[in-house]
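Below: one structure, written as structure tokens.
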Amino acid sequence: MSIATIPYASRALSLDVDNGIAVVTLDVPDESVNTLGPAVVEEFTALLDRIERDSAMSAVVFMSGKPENFIAGADIQQFTAINSASEGEALSRSGQAVMDRIERLRTPMVAAIHGACLGGGLEMALACAYRIATDHPKTMLALPEVTLGVIPGAGGTQRLPRTVGLRNALDMILTGKNVRAKKALSMGLIDELVHPAILRDVAVDRARKLADGTIARAGRKRRSRGITNLALEGTPMGRRVVFNKARDGVVEKTHGHYPAPLAAIEAVRAGYDQGSERGFAEEARLFGEMSVTEVCRQLVYLFFATTALKKDNGVGVPVDPLPVDKIGILGAGFMGAGIASVAAGRGTVVRLKDADTARVSHGLRAVNDVLREQLVKKRITRREFEDEISLVGGTVDYSGFQNVDLLVEAVFEDLALKQQVLREAEEVIPGDAIYASNTSTIPITRIAEASKRPEQVLGMHFFSPVHRMPLLEVIVTATTTAVVTVTAVAYGKKLGKHVIVVNDGPGFYTTRTLAAFMNEAGHLLDEGVAIDALDKALVDFGFPVGPITLMDEVGLDVGAKVGQVLLEAFGERLSPAASLARAVAAGRVGRKGGKGFYLYDSPGGKKRGVDESVYELLPTGSNRVEVPVAEMQQRCVLAMVNEAARCLEEGILRSERDGDVGAVFGIGFPPFRGGPFRYVKTVGANNIIRQLELYHSRFAPRFEPARALVEMAEKGRGHGEPV
Amino acid sequence: MATYGTNGRRVAIVAGLRTPFARAGTDLSSLTAQELGRTVVAELLQRTAVEGEEIDGVVFGTVVPSVLAPNIAREVALLPMLPKGIPAYTVSRACASANQAITDAADQIVLGHSNVLIAGGAESLSNIPILHSRRFSETLVRASKAKSAGARVKTLARTRPRDLVPITPAIAEPSTGETMGESAEKMAKLNHISREEQDQFALRSHRLAAAGTQDGRLTAEIMPFYVPPKYEIVETRDNGIRTDTNLEALQALKPVFDRRYGTVTAGNSSPLTDGAAAVILMSDERAAALGYKPLAYIRSYAYAALDPGEQLLQAPVLAAPVALRRAGLSLRDIDLVEMHEAFAAQVLSNLEGFESRKWAERAGFSHPVGEVDRSRLNVMGGSIAIGHPFGATGARITMTLAHELRRRGGQFGLMTVCAAGGMGFAMVLEAA
């Protein structure tokens, strides 16, 4: 195909010339995806220099050499090197300069996109004269910068609205959502869709036609028609409505905790209100501002933590995982069905067992509902939906379990029952099958006592609803083998989860720390605080729902059971509060029963307001006591943090990273605070200790500072420690 | 002298499973034949743990095809737990379609081309394609080729109300115009089968099927069917079997196909039914290698045909002696007999034919097949009570025969199926 190939020595870029069209291919060595770091950018600008100076070149095609990835974004490592807002602004400016250069090239550039085109990669494509993408499920485009606490900083806030319209742009920028190929075409984000096999040929052809003027540059063309659109996006007043609505939406969703989306709105707005040059300048300034916020630091930390976790096989030494093609699930309740739906969604054959056909029916219905939702949202096609449904077979006996690779036990939270089903199942499943319990509190070692092959037994603690909660807590015992562990971890990753491995103990990590948090909330109720005030305080702190709402969700009876287990294991400091016990005794089980601390439309229905009648059951009756918001927040959060520290010192948790990831993705710890251990670092260990000691003096035996925290304070992990 | 598979390639039936058979328009009516077929095979694979990589092919039978997915076998083979490279095709031989699927699959094993195949059939008579009249079809095709909106409108405007009357498929013979019921009526008259005998036979079918359902023998081959999308209905048994029927109730029914002199009623005919059934066939050698114990072997089979205008459903009488000879056996050697009950009149005609010298000579034999011991015949009832999804029945009868043969410790079983088009099928099974 190429007539002349200019020998080009480069690490990441290669050049191939096709009759005056320079085809540039990016393939960053030793990385599975392309990211735009300073070295790559430098190489790229040098190459652009050469191309522009060469009069034989008339246009450029830019492609990726990675099999299913265009450009995944900027090199996030750069973010960690930003020490001031002005440094951040400079970084943004330099990115903008590259994109401006692309836009103004003498030789127009065509972006030929196959695979994920994210962040800086999309900003680059937006600066190109023309965009072609492949009609392929892996092709998606997004500006996800807000999920890292910053805003698009290489012109995205200015170019995207001009390309797809204001509302589409705001939607993409404020949510960071992935836009698939067909949608990208219909919204004008890309100009053409082609089959992957002809991407290069078509791109070269379009480049040629751009160069000789046969086709026009993209982006300067059609705005979408429609009166609504014209009214909303074509007039300053209409745009004001859009901006205000966007702003209100962000504030409502983020409770004011995340500044980046608001900054993004400002940057976009500046471009409209004050012209393009001011727009770019504002983008850079706001990027810089956001890049040094605490929120950004924590979100970037979480990004690195989860990325590192992806590479962690769970045992730290190279061990190959076994294949998991078929799983058996015992218990078709909420959790069992949830796990079945996720497993089927990833192509696993599932055998779902419960005691009778009615229970199996409910389970299959739940699976159908989850998968149908994905069909309706067009995340899967009808054929994929039908295939996934057909992967789940229900049964009331152990037929079909003789060839499972992994069995997940999700029966009622009772040791005797779990041991019994383990014994039964082991008669049927293959000798090398892995037995995983989804228990949330019962130590795996106890369950494994009933096993003939305890080395095959571990815990796989999923979170509800399984198809939405990203965490999987794998719990290993002293006898669990490495290959069993890595297989469970690998399978969890295949299901799309962030997987942490913790060591066995009552409540493991997540249940234990959550229980401490919810207990403290219960104690506050005992003291007479108003339920809604308490919940609001913790939502204001950053939790998605308040502890009392959460108690109703989990089930008061379940909570009481958990409380019992932890009381026995850890003593008075984790003793459940009187309020919970009294509510349970009065027959309130929470949302599933329609009645808890809150009122519900129906069992399992929508939450209404606080059930005022519940106060009669509580220690202070109808007397309400006001506790300052800060105290409510601190007591609950520190109870969680303190318990997390104990988990670390006792060896339940293997690392602070696991503790942060586990809390953020499993039990709702505010992501913008990074996690319980990050919180300690941010606030300062000695400040945490001081506060704990104050509470300890008031509420002993609760709040006795964990040894791990004391050690952190002694080592001088104070406020402002480098992250 | 048995010859089929004696080259070291005996065909083993390793497992069989079916959906409950439900009357058309009832619990399974929302499912297409494709969905029924896919569901039963998915469950068969789950229960038997056969690895997808082992499967060399899928053959399925269906009578009323889906226009959108005519090759139902391939859609079954494309189940996600199977590798994508399994060849598959669909056959049609009226009520013996599943039998055709099974013998085709078995032949591949005997030929040495394949070692493991899934064979069966599916039918949804609740979902029959409704056809447009020919005139309207032509109009639609012309309209789709029209070059402009105006031309299209003009073409469509030529439609007359009578063009819109749809064609509903009738279960009638194309060559004679006789429906199967009318043929059964004719056979009842020709063979002097009384109303009383037919009703008694129907009663027998229901009673025995009910007993088999009650004691679990019949339901052992049925998978509980969880009906999507709500899964509120779980079908675990054939819903056409009447536990409460009696002779009076049957006698009260009016004949359907001949108002005046008829004897064939809805009660002594098999009902329109939805369902699917499948078996796994393996070469004996492969079954042993994979650790599967066969249920039974296919010892022999035969197809026969006669003029549809003569006695449409009598051909099993011509097929049975051929199958027996190919098996090197006679009726005396047979421990269990399964005969498809399209109509009581038809079964009783077939039984009479087995004893007839005239029919034996027609088939090329000097002696009749013989009298079938009623205590060995359709011991758990038959299609009249259980139901008759056209494309699936052949596989149902095969697995029922194989399972019950094993239960009774019998050695040989004989099955016969009549089929529209004037055809018949017979097969001899040998217990493993």
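The values are calculated or read from the model by the stated rules, or taken from the named source; none is laboratory data. Remember, it's a predicted structure, so these values are computed and weren't measured experimentally. With ideal geometry, Cβ positions are generated from the backbone for all residues, glycine too; neighbour counts draw on all protein chains shown. Heavy atoms of the whole protein, side chains included, go into the accessibility calculation; ligands, DNA and RNA do not. Shrake-Rupley method; radii C 1.70, N 1.55, O 1.52, S 1.80 Å.
Tabulated data
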read-out: Meets criteria (away from every other protein chain (no Cβ under 14 Å), hydroxyl-bearing (S, T, Y) and surrounded by 20 or more Cβ atoms within 10 Å (Cβ to Cβ)) for B:T245; value: no
read-out: Scope the stretch A:96-148; condition among the basic types (K, R) and touching a His at 6+ places or on another chain (Cβ under 8 Å); matching residues; value: A:K138
read-out: Spans of helices (runs of 4 or more DSSP H) in the stretch B:147-232 with at least 1 residues farther than 23 Å from B:L17 by Cβ, open to solvent by less than 70 Å² (accessible area, probe 1.4 Å) and at pLDDT 95 or above; value: B:180-190, B:195-214
read-out: Where A:V637 falls short, out of the listed (1) of a type in the set (A, V, I, L, M); (2) in a loop (DSSP other than H, G, I, E, B); (3) within 23 Å of A:H523 (Cβ to Cβ); value: (2)
read-out: Restricting the stretch A:374-404 to residues that are assigned to a loop (DSSP other than H, G, I, E, B) and among the aromatic types (F, W, Y), the residue that is surrounded by the most Cβ atoms within 10 Å (Cβ to Cβ); value: A:F401
read-out: Where a residue in the stretch A:342-358 is within 9 Å of chain B (Cβ to nearest Cβ) and crowded, with 23+ Cβ neighbours inside 10 Å and its partner, wherever it lies, is polar (S, T, N, Q) and outside any strand (DSSP E or B), with Cβ under 7 Å and at least six apart; value: A:R351/B:Q46
read-out: Residue in the stretch B:80-96 that is within 14 Å of chain A (Cβ to nearest Cβ) and among the small types (G, A, S) present; value: no
read-out: Some residue of the stretch B:18-31 being more than 14 Å from chain A (Cβ to nearest Cβ), within 30 Å of B:A323 (Cβ to Cβ), within 19 Å of the chain's Cα centre (by Cα) and not in a loop (DSSP other than H, G, I, E, B); value: yes
read-out: Options B:A287, B:A296, B:A278; residue that is touching a residue at least 24 places away in the same chain (Cβ under 8 Å), within 18 Å of the chain's Cα centre (by Cα) and either open to solvent by less than 20 Å² (accessible area, probe 1.4 Å) or farther than 29 Å from B:G25 by Cβ (or both); value: B:A278
read-out: Yes/no for B:Y261 being hydroxyl-bearing (S, T, Y), modelled with pLDDT under 95, more than 24 Å from B:G391 (Cα to Cα) and touching a Lys or Arg at 6+ places or on another chain (Cβ under 9 Å); value: yes
read-out: Condition met for A:R588 (within 19 Å of A:Y695 (Cβ to Cβ) and in contact with a Phe, Trp or Tyr (Cβ under 9 Å, 6 or more places away or on another chain)); value: no
read-out: Conditions (1) more than 20 Å from B:G391 (Cβ to Cβ); (2) crowded, with 24+ Cβ neighbours inside 10 Å; number of the one not met by B:D335; value: (2)
read-out: Looking only at the stretch A:405-418, and only at residues there that are of a type in the set (A, V, I, L, M, F, W, C) and open to solvent by less than 30 Å² (accessible area, probe 1.4 Å), the one that is farthest from A:A488 (Cα to Cα); value: A:A410
read-out: Residue that is under 28 Å from the mean Cα position of the chain (by Cα), part of a strand (DSSP E or B) and either in contact (Cβ under 8 Å) with a residue 40 or more places away in the chain or more than 8 Å from chain B (Cβ to nearest Cβ) (or both), where the choices are A:L371, A:L407; value: A:L407
read-out: Enumeration of residues in the stretch A:340-368 that are hydroxyl-bearing (S, T, Y) and part of a strand (DSSP E or B); value: none
read-out: Subset of the stretch B:32-61 (residues that are among the β-branched types (V, I, T), open to solvent by 10 Å² or more (accessible area, probe 1.4 Å) and either in a helix (DSSP H, G or I) or touching a Gly at 6+ places or on another chain (Cβ under 6 Å) (or both)); value: B:T39, B:T48
read-out: In the stretch A:648-666, residue farthest from the chain's Cα centre (by Cα) [restricted to those that are surrounded by fewer than 24 Cβ atoms within 10 Å (Cβ to Cβ) and assigned to a loop (DSSP other than H, G, I, E, B)]; value: A:E650
read-out: Contacts under 7 angstrom Cβ, first residue in the stretch B:59-78 being more than 23 Å from B:M282 (Cβ to Cβ), partner aromatic (F, W, Y) and not in a loop (DSSP other than H, G, I, E, B), 6 or more apart; value: B:N71/B:Y89
read-out: Wholly within the stretch A:172-260, helices (runs of 4 or more DSSP H) carrying at least 1 residues that are modelled with pLDDT of 90 or more; value: A:181-186, A:199-211, A:236-254
read-out: Condition met for A:L309 (under 30 Å from A:E145 (Cβ atoms), in contact with a strand residue (DSSP E or B) (Cβ under 9 Å, 6 or more places away or on another chain) and more than 14 Å from chain B (Cβ to nearest Cβ)); value: yes
read-out: Residue match in the stretch A:323-339 (condition: assigned to a helix (DSSP H, G or I), in contact with a strand residue (DSSP E or B) (Cβ under 9 Å, 6 or more places away or on another chain), within 14 Å of another protein chain (Cβ to nearest Cβ) and touching a residue at least 24 places away in the same chain (Cβ under 8 Å)); value: yes
read-out: Residue in the stretch B:65-79 that is nearest to the chain's Cα centre (by Cα), counting only those that are more than 14 Å from every other protein chain (Cβ to nearest Cβ) and open to solvent by 40 Å² or more (accessible area, probe 1.4 Å); value: B:P65
read-out: Subset of the stretch B:184-232 that is among the hydroxyl-bearing types (S, T, Y) and within 26 Å of B:N246 (Cα to Cα) - its residue that is farthest from the other protein chains (Cβ to nearest Cβ); value: B:S194
read-out: Qualifying position, being among the hydrophobic types (A, V, I, L, M, F, W, C), part of a helix (DSSP H, G or I) and over 24 Å from A:S622 (Cα atoms), among A:A478, A:A490; value: A:A490
read-out: From the options A:D557, A:D552, A:D535, residue that is open to solvent by 20 Å² or more (accessible area, probe 1.4 Å) and not aromatic (F, W, Y); value: A:D557
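Residue-by-condition table, conditions (1) over 27 Å from the mean Cα position of the chain (by Cα); (2) more than 20 Å from A:A142 (Cβ to Cβ); (3) in a helix (DSSP H, G or I):
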{"position": "A:T25", "(1), (2), (3)": "yes, yes, no"}
{"position": "A:P29", "(1), (2), (3)": "yes, yes, no"}
{"position": "A:R50", "(1), (2), (3)": "yes, yes, yes"}
{"position": "A:V61", "(1), (2), (3)": "yes, yes, no"}
{"position": "A:S86", "(1), (2), (3)": "yes, yes, yes"}
{"position": "A:A90", "(1), (2), (3)": "yes, yes, yes"}
{"position": "A:M99", "(1), (2), (3)": "yes, no, yes"}
